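Please read the structure below before turning to the comments.
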Amino acid sequence: MSTPPVAADEPPLIRIRDLSKAYVRGTQVIPVLQGVDLDVRRAEFVALMGPSGSGKSTLLNLIAGIDKPSGGTLEIGGVDIVGLGEGDLADWRAANVGFIFQFYNLLPVLTAAENVELPLLLTGLSRRQRREHVDAALAMVRLDDRADHYPNELSGGQQQRVAIARALVTDPQLIVADEPTGDLDRVTGAEVLSLLDELHRQLGKTIVMVTHDPKAAARAERLVHLEKGVLVADDANGAAEAATAHAR
Amino acid sequence: MFLLRLLLKNALRHKLRTTLTMVGLVVAVCAFGLLRTIVDAWYAGVEASASTRLVTRNAISLTFPLPLNYAERIRAVDGVGSVSWANWFGGIYVSERNFFAQFAVDPPSYLALYPEYVLPDEQKQAFLRDRQGAVVGRKLADKFGWKVGDAIPLRGTLYPGTWTFTLRGIYDGADAKTDEQQMLFHWKFLSETMRQRAGAAGANADFVGVYVVGIREPDDAALVSQRIDALFRNSLAETLTETEKAFQLSFVAMSEAILVAIQAVSYIVVLIIMAVMANTMMMTARERLAEYATLKALGFGPGFVVRLLAGESLLIALVGGLAGIALTFPLAAGFAQAAGTLFPIFQVSPLTQALQLGAALLVGAVAAAWPAWRMSRIEIVAGLRHVA
């Protein structure tokens, strides 16, 4: 599942220009994102930070293809996902995006292995092949001995690791993580972050993560800061200092 | 296969809720089947009618008899193959609760017209030979434990006095629609006994209740009926001839309001369980909103979500429906036992079973329709935010 090194002249994986999103409530138009320009290179680990209501989760949802912008362009891997219909967008997500949610969002009636297998059902892989991929993904997150456990038999950290395995199993080019440590204690959260870090370094995955947690943000290579729907800072090198300042 | 596995797991997620929903379905499907069977039983006589039999009765009322000498004239009508006759006897066996139909008939011609009453030949001959003999249907014999040779006393109501018959035969119906809860005896025995007992007052001794007319071609039913009635127009006993089916329907028509009410109740029961199950599926869908949003986020289309919810609903409906159909049989048997000879034919027909299954599946489909459509259209972001 590892990806080749990034060439210097390689175009960005994610290319966002003048992206905006607004909600309409009756006659009122509520802007959530305004004029966002952002490029994310392949194999980058980007953290989106900002106060509540800053639009960071909205930006993540747009990048993940689970929401539609009101304006602007959004290209991922050369595909203009804004122009895709609902069915094509679903297919694109299945092939290109791995999701890690704050509350894991595992199906409670499926075992860990079955939850990890879910995205593979949308591929043409045989049952045996799916099993192999599932076993590999669970091994990667060091939960191969919990494959037949149900979510309610796993700790929060273990459930999040299952979710990470599910996000990886189809080898997507992009991983989106919305507050992956938000529901975990500090120790477990650190374990999950280490795992994400490891996946980023070893597999070269492109990760875009929303977080309130400065420690989580410090793991990223790059910190993008939003306030009131506007991108106010994009610090590629000083991610740790920016996160610390935000924490103060 | 994965979808089926997921359906089963989801259906068993809330065992109590699923069980109670199924119980409701079982009760509704059972009630629907039982009520339909009651309606079918009412029409049993109609269903058992033959297209080659007509019934000729007094045009004024069924309670008015017809002269015996009409038989030869009817026999001579173009299109008529055979003629027989019958009198409703209306006797009581031990107690009024032991009601069953008794007919005084001309055995040779009557049994020829009703080949569905299957009698062993020796019993038939014994019956024909014994003027005081009688034959009964299998179900009636089993009910009272009668055997060939037993004496059957009846207390007359329309024909006063005690009437004792010797059971000479027990017939089996040729098919499930044949009435096996009636008794046939010799019309001549009735006539002669009436004449002996009543003397000059036995004027009705040479009168029959109805004529049963066998026609050669079913398509000629209307024409032959008109010919027969034309024979006796402007006589003291004008006739009304109709197909056996129409004759049987006239009895059903007397209870039509009841039958309509019973049918209406059977459909209302299904509607009620449909509403209950729709509520159950709405609750289920609301609880799993975040899961459906997750599936959509992962790339599963709206169709998958619809199949998930509708499939679960149909699965519950199928299991409940099949259980309801299975339970209908013992309930119908119990009802038939309690009703006694009121419904000579009381069977859960294949059509009723098919309708029961159809009703159950319809309930499952309709109950899931709205929630499945809604869930398929949920916005992923809104769904992910939902807390069940």
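No lab work stands behind these numbers, since they all come straight from the coordinates. Small disclaimer: the values here were computed from a predicted structure and weren't measured. As a convention, Cβ positions derive from the backbone with ideal geometry for all residues, glycine included, and neighbour counts pool all protein chains shown.
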Partner shielding of A:115-121, as the mean number of partner chain Cβ atoms within 10 Å, equals 3
Residue span B:D229 to B:A76: 0.36 nm per residue of separation minus Cα-Cα distance leaves a gain in nm of 53.8 nm
Chain B, Gaussian network, Cα under 10 Å: of B:S255, B:S82, B:S313, the residue fluctuating most is B:S255
Here, B:R197 and B:E217, labelled 7 Å along Cα→Cβ, have an inter-label distance in nm of 4.6 nm
Taking 0.36 nm per residue of separation between B:D142 and B:A264 and subtracting their Cα-Cα distance, the length gained on full extension comes to 40.4 nm
Percent relative contact order for chain B, counting Cα pairs under 8 Å at least six residues apart, stands at 29 percent
Computed over chain A, the relative contact order (Cα-Cα under 8 Å, seq sep at least six) in percent reads 27 percent
Result row for chain B, helices from DSSP H with C-alpha axial extent 30 Å or more and mean Kyte hydropathy at least 0.5, is B:15-42, B:256-287, B:302-339, B:350-376
Quick note on B:E244, A:E227, ordering by fewest other C-beta atoms within 10 Å, gives A:E227, B:E244
